[in-house]
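Peer 1: Sending over a structure as structure tokens; questions will come in a sec.
The values are calculated or read from the model by the stated rules, or taken from the named source; none is laboratory data. Everything numeric here is computed off the predicted structure, so don't read it as measured data. Cβ placement follows ideal geometry from the backbone for every residue including glycine, while neighbour counts extend to all protein chains displayed. Note: areas computed on protein heavy atoms with side chains; ligands, DNA, RNA excluded. Shrake-Rupley method; radii C 1.70, N 1.55, O 1.52, S 1.80 Å.
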Amino acid sequence: MPLYDIAHDTIYRYDSAVMLSQQLAHLRPRDCAGQHCLAHTLTIEPGEERRRERIDFFGNPVTAFSLQAPHDTLAVHARSRVRVRPSTWPEPADSAPWELAREHLRKGLSGHAPLQDDARDVGQYRFASPFIPLGDPSARLGDYALRSFRPGRPMVEALLDLASRIHADFRFDPAATSVATPVAEVFERRCGVCQDFSHLMIACLRAIGLAARYVSGYLLTEPPPGQPRLIGADASHAWVAAWCPGVGWVDVDPTNDMRPDGAHVTLAWGRDYGDVCPLRGVILGGGGHRVDVAVTVTPVGSGALPQHAARER
Amino acid sequence: MSEATRTGAKPYDEMHSADGAVRPHYQPYERWLHEMPRELIERKRSEADIAFHRVGITFNVYGAEGGKERLIPFDLLPRIIPGSEWRELERGLAQRVRALNAFLADIYHGQEILRAGRIPADQILDNAQFRPEMKGVKVPGGLYSMIAGIDLVRAAGADGKGEFFVLEDNLRVPSGVSYMLENRKMMMRLFPDLFSRYHVQPVDHYPDLLLETLRAVAPAGVVDPTVVVMTPGAHNSAYFEHSFLAQQMGVELVEGQDMFVQDDVLYMRTTQGPRRVDVIYRRIDDDFLDPLAFRADSMLGVPGLMRAYQAGHVTLANAVGTGVADDKSIYPYVPEMVRFYLGEEPILNNVPTWMLREQDDLAYVLDRLPELVVKEVHGAGGYGMLVGPASTKAEIEDFRQRILAAPEKYIAQPTLSLSTCPTFVEAGIAPRHIDLRPFVLSGGKQIRMVPGGLTRVALKEGSLVVNSSQGGGTKDTWVVD
Amino acid sequence: MLSRTADHLYWMARYTERAENTVRMLDVSYRMSMLPGVNGDGHADWRAILDISELTDAYARTGRPLSPRDVIEFVLLDRDNLSSVWNCLRAARENAHAVRGKLTSEMWETTNTTWLEIRELTPARLQDMDLGAFFEWVKFRSHLLRGVTVGTMFHDDAFQFARLGTFLERADNTARLLDVKYHALMPAGEDVHNATDYYRWGSLLRSVSAFETYRQVYRDVITPHKVAELLMLNDAMPRSLHACLDEIVDILGQVANSRSCETTRKAGALHASLHYGSMDDIFAVGLHESLEKFLACINKLGDRISNDFLMPVATP
């Protein structure tokens, strides 16, 4: 089973002094099926004055901290050691027809039949959320999704097909979008980064009545043979999990057109980026700022390396 | 549907019965009006105008750049409710608010009503007002809407008797109570002799009740809680009321910038150093409360407030996430909540409502669009609404297409004929449509309200719109014994 | 009380006082400009006015000529000049508005009415007005607000912070006025000889309502040295630096909190320098240097008051 050491460093440099800073961090990898966080430290420079740990409403660990002395640089260093078990994937063609998932949710959520617990928990990922409004483009997104979700097609197969199509139709371009770029615009311009592709895919799935959640995490980037690992070249990653009856949550990474299989480390999940962004803060002062993020995921010991190499972040 | 809500029924007249006779509770007033010389009434009217203008100059945003607050016209003719009628309303209101609070507690905890299939889960989950942040959060007394404003209207039945219906529940930040108090003050000042002819139940203790309510929901263990009123600021249209209530209760009127959170405890900045805050009567929407939890661009909130709240170190009144219970899509289920949580039959009725997500309702409504009112479930302020009898054929057809595209987004109701009350107008005294907003306070184990509430009146002839933004005025509301 | 409330009251009073002092200063120059045979450069007085309020650069950017009419318009009514009387009275009213609930109705109506009356005033209309009467009106409105505050407001901390604003602003304004005028009027450092000089010094005294007081105190001809003494050291002279510091020290004692010790100490030291100071010592250092130092202290004191009471940024 792969064992990873993860270093996630975020450095904010402000134009002028920040007098007061309050931050929420989703930086401790959550424990979940197939993943266990063995150790975690969070170091904050300059030293923070208040720190609180808690679990948010999606079950993710979250750290709240504040800095009350003037500072012009904020550095947050997260170090985690995580054991990942490659997931046992259902054979795509063996999964149930996707309409079954839709029906299950429809009956469970909009009918007058008593609500089952699973549908209730899944249900919160079925509808619009702050970063993923299902307004006007939902019909177009639905049409786009339906080309993969053909009648009777096995759910997982359709899911992988949609991820492949997004990967083929959209260009990875970090300069094209920002955190605030709406899904509709990403769909229009056909480019973006992992966060955009994940939001887009979630929007497509919700538009056709399925439940999908946003997963924030890390990806081990394989170095090309003979070259050293690029330290600090990586950033945090995001992908999608969709709910499939009888199987549960199935992860899929549209940015890399792949099924996470031992090379993905889950940090947190929620309805969209807004629920799980690694650092969210409110500051007083500061003027403009520059942020540098560096992520390094290193295998520990001789743990088996995953078979799927990431092609892109 | 009941006869009372049938389209086109003659409106119920609060002062006169069908045969034109003055109803008993209006008779002393009628005699008094008869004795009063017309000129005196006219003089009192202008006196009231001047006095309100002065108060307006004192309290309203007057000539300020940001604020366009206007004076709301005040009508001298009171709306009178017999005590027996009020007691029945009071029971119904208390029952309804109790059920709504039980619903909110359930929705953010066990969700029994969803498990029982009484309300479809998507009505909750697919509702922007549902706040996952509130799941599992314990609030004092299990109370969410400590201050509720329930909008009531009276429609005429076939037997000539009026029947009250709940038009809307306001569980977030209901406003208007300052007008109720100011109107009473004005009436007592202008017509002291009238009050010797009636035993009018007092309302001016409302600020005391409100303060008691707020103190009763302080976090457990706090002996002498510090209560504050939180306002978005001086340019908010209801700022007058915020400042008025803070003054009347003798508590601080704070803005977000006046407070900060440390170790999950909320403090306000005073000239004597930080002072702990235990209860916030907040007059600001959920979205703006805490930029760390909700809208990051909110300049009005307090970073970390939500954490302090979740930790139980401060009480918000009303709670976060109450909007999920006063949404138009949830309204039709309120009678069901009364049955489910209280095991009682609702005392106050809803206006009959068709939910177009249901096939049968949809078919029924599409057949009768010209008679009905169709509302968008998440719409507000009259936007996305079709008033059948007042619309052209083309408008109705256009709306039909919109409904067909997404029926689940709409509900429909009969066109209600609100009751009328005689009102001073240019030409003398004439009937105008009115509604009633009582304010229901829940704190500790008690539900309390001052008798009556705010009566709003549509000053334009025939108009059913009582909103102040569209030519509505207010009346003093008397509950008499 | 809430820090923000104190802040608004403090600034309401400061802006009102600033408007009053600006008008007092304009009044002097206006009167002097009407004197026959104003010697030398007639622009000097108007330039001095801009200097006192640190507006010389801002004025230059407007491209206006240095004429009395243009300067008066700029200082009184210019919408872009944040120190104009118009903007001061607007700011005073906005601060009052933000804490309306803490004011007595008389206070609110006074500030609001003042603003409503000056709001519509345009340069064109100003031309048709009796300027002297207008200056009197502004002074009168300021007196009225101060009187109404003392006479109707509960004398608690809120009241003290309003007073604090008044005296801090007044100390600042008197020091600036004396600094700029003293040097403008006495290039050679000699005594007052001719009639024009007499009128000039007389108007300076009048601008701080001190002409009669001077006569009463000194029973002597006007000498620059004594004018400076009256405006700096005489604690019975209501607009003097000493009198302002008397009030400031008294107020800081009443509102003191756990973090204001150092502020109280600094105010006390400044007060002592006036209380035990002599004009000989002051002139030995240099009047300009002394006043500059005083202004810097007042400025810092204002900052300290903000940090301790009004806008505590960091948590304790």
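Peer 1: Which of the residues that make up the range C:91-112 are within 9 Å of chain B (Cβ to nearest Cβ) and either open to solvent by 20 Å² or more (accessible area, probe 1.4 Å) or touching a His at 6+ places or on another chain (Cβ under 7 Å) (or both)?
Peer 2: Selection gives C:GLU94, C:ALA98, C:VAL99, C:GLY101, C:LYS102, C:SER105, C:GLU109.
Peer 1: Hand me the list of strands (runs of 3 or more DSSP E) wholly inside the range B:324-435 holding 2 or more residues that are of a type in the set (D, E, K, R).
Peer 2: In the range B:324-435, the matching strands (runs of 3 or more DSSP E) lie at B:372-376.
Peer 1: Residues of the range C:280-313 being open to solvent by less than 40 Å² (accessible area, probe 1.4 Å) and either out of contact with any helix residue (DSSP H, G or I) (no Cβ under 9 Å at 6 or more places or on another chain) or farther than 30 Å from A:GLN68 by Cβ (or both), which ones?
Peer 2: Result: C:ILE282, C:GLY286, C:LEU287, C:SER290, C:LEU291, C:PHE294, C:LEU295.
Peer 1: Which of (1) within 14 Å of chain A (Cβ to nearest Cβ); (2) among the β-branched types (Val, Ile, Thr); (3) open to solvent by 40 Å² or more (accessible area, probe 1.4 Å) does B:VAL137 not meet, given it meets every other one?
Peer 2: Failed condition: (3).
Peer 1: Every residue in the range B:93-135 that is free of Cβ contacts under 8 Å to residues at least 60 places away in the same chain, of a type in the set (A, V, I, L, M) and closer than 21 Å to A:LEU105 by Cβ, please.
Peer 2: Answer for the range B:93-135, where residues must be free of Cβ contacts under 8 Å to residues at least 60 places away in the same chain, of a type in the set (A, V, I, L, M) and closer than 21 Å to A:LEU105 by Cβ: B:LEU114, B:ALA121, B:LEU125.
Residue-wise test of (1) open to solvent by less than 10 Å² (accessible area, probe 1.4 Å); (2) touching a residue at least 40 places away in the same chain (Cβ under 8 Å); (3) touching a Gly at 6+ places or on another chain (Cβ under 6 Å).
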{"site": "A:TYR4", "(1), (2), (3)": "yes, yes, no"}
{"site": "A:ARG13", "(1), (2), (3)": "no, yes, no"}
{"site": "A:VAL18", "(1), (2), (3)": "yes, yes, yes"}
{"site": "A:ARG28", "(1), (2), (3)": "no, yes, no"}
{"site": "A:ARG52", "(1), (2), (3)": "no, no, no"}
{"site": "A:ARG85", "(1), (2), (3)": "no, yes, yes"}
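Peer 1: Applying the selection to the range A:169-190, what residues are surrounded by fewer than 18 Cβ atoms within 10 Å (Cβ to Cβ) and outside any loop (DSSP other than H, G, I, E, B)?
Peer 2: If the condition is that a residue be surrounded by fewer than 18 Cβ atoms within 10 Å (Cβ to Cβ) and outside any loop (DSSP other than H, G, I, E, B), then A:ASP169, A:ARG171, A:PHE172, A:ALA184, A:GLU185, A:GLU188, A:ARG189 are the ones that fit.
Peer 1: Surrounded by 18 or more Cβ atoms within 10 Å (Cβ to Cβ) and either more than 9 Å from chain A (Cβ to nearest Cβ) or more than 20 Å from the chain's Cα centre (by Cα) (or both): does that describe B:ALA116?
Peer 2: Judged against the criteria, B:ALA116 is not a match.
Peer 1: Also, I was wondering about something else. What residue, of A:ASP15, A:ASP5, A:ASP72, is over 23 Å from B:ALA311 (Cβ atoms), touching a Phe, Trp or Tyr at 6+ places or on another chain (Cβ under 7 Å) and not in a loop (DSSP other than H, G, I, E, B)?
Peer 2: A:ASP72
Peer 1: Within the range B:122-165, how many residues are of a type in the set (Gly, Ala, Ser) and either closer than 30 Å to B:THR420 by Cα or under 19 Å from the mean Cα position of the chain (by Cα) (or both)?
Peer 2: Total meeting the criteria: 9.
Peer 1: Then there is this: Residues that are open to solvent by less than 10 Å² (accessible area, probe 1.4 Å), more than 14 Å from chain B (Cβ to nearest Cβ) and in a helix (DSSP H, G or I): does the range C:29-37 have at least one?
Peer 2: yes
Conditions (1) over 24 Å from C:ARG141 (Cβ atoms); (2) within 14 Å of chain B (Cβ to nearest Cβ); (3) in a helix (DSSP H, G or I); (4) in contact with a Cys (Cβ under 7 Å, 6 or more places away or on another chain), marked per residue:
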| site | (1), (2), (3), (4) |
| --- | --- |
| C:ASP7 | no, yes, yes, no |
| C:ASP45 | yes, no, yes, no |
| C:ALA60 | yes, no, yes, no |
| C:LEU66 | yes, no, no, no |
| C:VAL71 | no, no, yes, no |
| C:PHE74 | no, no, yes, no |
| C:ASP80 | no, no, no, no |
| C:LEU89 | no, yes, yes, no |
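Peer 1: Output the number of the condition that B:ASP287 fails; it satisfies all remaining conditions of (1) within 14 Å of chain C (Cβ to nearest Cβ); (2) surrounded by fewer than 23 Cβ atoms within 10 Å (Cβ to Cβ); (3) out of contact with any strand residue (DSSP E or B) (no Cβ under 9 Å at 6 or more places or on another chain).
Peer 2: (1)
Peer 1: In the range B:73-113, what count of residues is obtained for those that are touching a Gly at 6+ places or on another chain (Cβ under 9 Å) and within 14 Å of chain A (Cβ to nearest Cβ)?
Peer 2: Residues in the range B:73-113 being touching a Gly at 6+ places or on another chain (Cβ under 9 Å) and within 14 Å of chain A (Cβ to nearest Cβ): 3 in total.
Peer 1: Let me ask something else about it. Spot the failing condition for B:ASP297; the list is (1) farther than 20 Å from A:MET19 by Cα; (2) open to solvent by 10 Å² or more (accessible area, probe 1.4 Å); (3) more than 10 Å from chain C (Cβ to nearest Cβ), and only one is missed.
Peer 2: B:ASP297 satisfies all of (1) farther than 20 Å from A:MET19 by Cα; (2) open to solvent by 10 Å² or more (accessible area, probe 1.4 Å); (3) more than 10 Å from chain C (Cβ to nearest Cβ) except (1).
Peer 1: Follow-up question, since we're still on this one. Return yes when A:ALA96 is away from every other protein chain (no Cβ under 14 Å), in contact with a Cys (Cβ under 8 Å, 6 or more places away or on another chain) and more than 30 Å from A:GLY286 (Cβ to Cβ) and no when it is not.
Peer 2: In short, yes.
Peer 1: Restricted to the range B:241-262, and to residues that are more than 10 Å from chain C (Cβ to nearest Cβ) and not in a helix (DSSP H, G or I), which residue is farthest from B:ASP290 (Cα to Cα)?
Peer 2: My answer is B:GLY250.
Peer 1: Now a separate question. Name, by its number, the condition in (1) away from chain A (no Cβ under 14 Å); (2) surrounded by 23 or more Cβ atoms within 10 Å (Cβ to Cβ) that does not hold for B:ARG275.
Peer 2: If we test B:ARG275 against (1) away from chain A (no Cβ under 14 Å); (2) surrounded by 23 or more Cβ atoms within 10 Å (Cβ to Cβ), just (2) comes out false.
Peer 1: Quick one: would you say C:LYS139 is in contact (Cβ under 8 Å) with a residue 60 or more places away in the chain and either open to solvent by less than 20 Å² (accessible area, probe 1.4 Å) or within 14 Å of chain B (Cβ to nearest Cβ) (or both)?
Peer 2: Answer is no for this residue.
Peer 1: Taking the range C:95-134 only, how many residues are among the basic types (Lys, Arg), within 17 Å of C:ALA162 (Cα to Cα) and touching a Leu at 6+ places or on another chain (Cβ under 9 Å)?
Peer 2: So the answer is 1.
Peer 1: Can I ask one more? Identify, by number, the condition in (1) assigned to a loop (DSSP other than H, G, I, E, B); (2) among the aliphatic types (A, V, I, L, M); (3) farther than 30 Å from B:PRO120 by Cα that A:ILE44 doesn't meet.
Peer 2: Among (1) assigned to a loop (DSSP other than H, G, I, E, B); (2) among the aliphatic types (A, V, I, L, M); (3) farther than 30 Å from B:PRO120 by Cα, the lone unmet condition for A:ILE44 is (1).
Peer 1: Another question, then. Looking at B:VAL166, B:VAL203, which is the one that is closer than 29 Å to B:PRO335 by Cβ, at pLDDT 95 or above and part of a loop (DSSP other than H, G, I, E, B)?
Peer 2: Result: B:VAL203 is the single residue among B:VAL166, B:VAL203 that is closer than 29 Å to B:PRO335 by Cβ, at pLDDT 95 or above and part of a loop (DSSP other than H, G, I, E, B).
Peer 1: Something else about it: Yes or no: the range B:29-38 includes at least one residue that is part of a helix (DSSP H, G or I), basic (Lys, Arg) and modelled with pLDDT of 85 or more.
Peer 2: yes
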